[in-house]
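Undergrad: Starting off with a structure, shown below.
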Amino acid sequence: MLKIIQKYKQYDKLLYNFLFLSIIQIVEMFVPLIIFRILIDVVGVEKFGLLNLVIAFVVYFQILIDYGFNNSATRQISLNKGREVRLNIIINKVISAKIYLLIFSFIIFSLIVFSLPSFKENWGIYFLYFGVTIGYTFSPSWYYQGIQNMKSYMFTNIIVKISSLVIIILIIKEENDFWLVPLVLSLSQIIIAIVTFSLLFLNTSYRFKLLSPNKIYKELNEGKYFFLSELQATLFTNTNILILGFFSSLTNVAYFTSADKLSRCIRNIQIPLSNALYPHLSIEINKDPIKGLKQINKITLVGLSILISSSIIIGYFGEKIIILIFSKDMIEATRVFQILLLIPIFSFVDSMYGKQILLNLKKDKIFFNIFLFSSIFCLLLSCILSYKYNIIGTAIAVVIGQGILAILMFFYAQKIVYGKS
């Protein structure tokens, strides 16, 4: 019995990290859904579509500011645990890099918003929601993931996100109150950043010093493939929303984003597992790649059986789920939702073999090239199908693109580890 306890005790941190990440993910899944329901009922489908268009645009700047640090910095932190001086250097480089990227992002963001007539018309909403990127700049979630201690970050995230939900429920009473939504969402992300950033330096011996741009070049170079891959990953959803907004109406954007949000909720169930495993497998896979791949194969088989059976059941009750969560006004999103239920299945395979194998073995360039090919193919297909078949065409393009991505990640993971096709 003692041997069994000792055997599994080494996984305590991994299990706790998985638990905390799961709780955060649940909050981040359900709070937006409740907010969406309120918006549809109070401000209408069109304004709801506008907000989702704004979110889809701002996400690109969130990705630019993050620059793949949630992967590259997490990997560095996990591999340097216990080396305080080295960790302090990594922290300063990452935060400094994100500050410079925030400044650059704001300039580019402003130029685009005031250059495009459709954006300029609603410039206030765009700038109010841009505050979210400030929160992401100073949020050190990558550090807490790296040391496998998400407890303080989790509690802060939950308290602030639930508080923001309550505030939105209390203050959004009519269509004219719409502008308050992006303001509250931005402030909530900024508060999370302030608290977790402060805790990082109050509870440790680390000291923050803004480094000059030339000193963070190596850090940016280290994370470039993570950044480019995450940027391209948005092409499967966010760019498709922008393309749909170009070819169709804000109402159709609302239908697509509602269906996409629900499919993402199912897809995001596997994110806590993936994020919790990442720093742990970063060490294990580099020690014994074949053993690590065999572990991932087992995890993937179990995960796929759960996801496939769940997707079939959820798809069968798709219309009732859409009405329950979003109201009868969004019933047109049902077919799109049923198509997008394939995304969580493909995304799980992509995460297991791309992130856990290719990235942990530092095959960043292969990882990037797979994303590049899949993203370009998805983008071109989306332009064609969105024009011909509207939201159904967009959904089909996203699914095909994600399917190709998953197949290629699986194939190259096996090929690299075993050295054969």
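The values are calculated or read from the model by the stated rules, or taken from the named source; none is laboratory data. Note that the structure is a prediction, hence the values are computed from the model and not measured. Positions of Cβ are generated from backbone atoms using ideal geometry, with glycine treated the same way; all protein chains shown enter the neighbour counts. Ligands, DNA and RNA are excluded from the accessible area calculation, which covers all protein heavy atoms including side chains. Shrake-Rupley method; radii C 1.70, N 1.55, O 1.52, S 1.80 Å.
Undergrad: Using the Karplus curve 6.51 cos²θ - 1.76 cosθ + 1.60 with θ = phi - 60°, work out ³J(HN,Hα) for each residue of the stretch 196-206 in order, rounded to whole Hz, and write x for Gly and Pro.
TA: Taking θ as phi minus 60°, the curve returns 5, 5, 5, 4, 4, 8, 6, 9, 9, 8, 5 Hz for the stretch 196-206.
Undergrad: Between I312 and I194, what is the label-to-label distance in nm when each label sits 7 Å out along the Cα-to-Cβ direction?
TA: 5.1
Undergrad: Students sometimes get this wrong: rank L87, L250 by accessible area, probe 1.4 Å, all chains present, largest first. Working shown, then result.
TA: Working: L87 5, L250 50 Å².
Reading off the accessible areas and sorting them downward yields L250, L87.
Undergrad: Which parts of the stretch 385-410 would a label at K362 reach, counting a residue when its backbone N lies under 12 Å from a point 7 Å out along Cα-to-Cβ?
TA: Flagged as within label range: none.
Undergrad: In a shell of Cβ-Cβ distance under 10 Å around V42, excluding V42 itself, what net charge do Lys and Arg (+1) and Asp and Glu (-1) give? Display every interim value, and only then the final one.
TA: Details: positive: R37, K47, K173; negative: D41, E174, E175, D177.
Residues near V42 contribute -1 overall.
Undergrad: Continuing with the same structure: To the nearest 10 square angstrom, what accessible area does Y412 show with a 1.4 Å probe?
TA: Accessible surface of Y412 is approximately 80 Å².
Undergrad: Another question about this same structure. Considering only protein heavy atoms, what per residue accessible area in square angstrom results for the stretch 315-362 with a 1.4 angstrom probe?
TA: Averaged over the residues of the stretch 315-362, the accessible area is 41 Å².
Undergrad: Compare S327, S205 by solvent-accessible area with a 1.4 Å probe and give them largest first, with all protein chains kept in place.
TA: From most exposed to least exposed: S205, S327.
Undergrad: Now for a different question. Report the extension gain between K388 and K328 in nm, rounded to one decimal, defined as 0.36 nm multiplied by the number of residues separating them, less their alpha carbon distance.
TA: Details: separation 60, 0.36 × 60 = 21.60 nm, distance 2.61 nm.
Full extension from K388 to K328 adds 19.0 nm.
Undergrad: Roughly how many Å² is the accessible area per residue of the stretch 364-421, as a whole number, for a 1.4 Å probe?
TA: 49
Undergrad: Leaving out ligands, DNA and RNA, what percent of the accessible area of the stretch 361-421 is carbon and sulfur, probe 1.4 Å?
TA: Within the stretch 361-421, the accessible surface is 70 percent carbon and sulfur.
Undergrad: Please quote Rg/Rh for the stretch 58-216 to two decimal places, taking the Kirkwood radius as Rh and restricting both calculations to Cα atoms.
TA: Values: Rg = 17.3 Å, Rh = 17.0 Å.
Radius of gyration relative to Kirkwood radius: 1.02.
Undergrad: Using all C-alpha to C-alpha distances in the stretch 264-421, build P(r) with 10 Å bins and read off the rounded percent in each one.
TA: Result, from short to long distances: 11, 34, 32, 17, 5, 0 percent.
Undergrad: Which net charge results when you count Lys and Arg as +1 and Asp and Glu as -1 among the other residues whose beta-carbon is under 15 Å from that of I172?
TA: -1
Undergrad: Counting only protein heavy atoms, what percent of the accessible surface of the stretch 31-166 is carbon or sulfur at a 1.4 Å probe?
TA: With neighbouring chains kept in place, the figure for the stretch 31-166 is 68 percent.
Undergrad: Across bins of 5 angstrom width beginning at 0, how are the C-alpha pair distances of the stretch 33-103 distributed, in whole percent?
TA: Spelled out per bin, shortest first, that is 3, 14, 17, 13, 11, 10, 10, 9, 7, 4, 1.
Undergrad: Hey, what's the stretch 68-225 come to in accessible area per residue, 1.4 Å probe, Å²?
TA: On a per-residue basis, 47 Å².
Undergrad: Now for a separate question. Over the heavy atoms of I384, what accessible area does a 1.4 Å probe trace out, to the nearest 10 Å²?
TA: Counting only protein heavy atoms, I384 exposes about 100 Å² to solvent.
Undergrad: Considering only protein heavy atoms, what is the solvent-accessible area of F61 at a probe of 1.4 Å, reported in Å² to the nearest 10?
TA: 20
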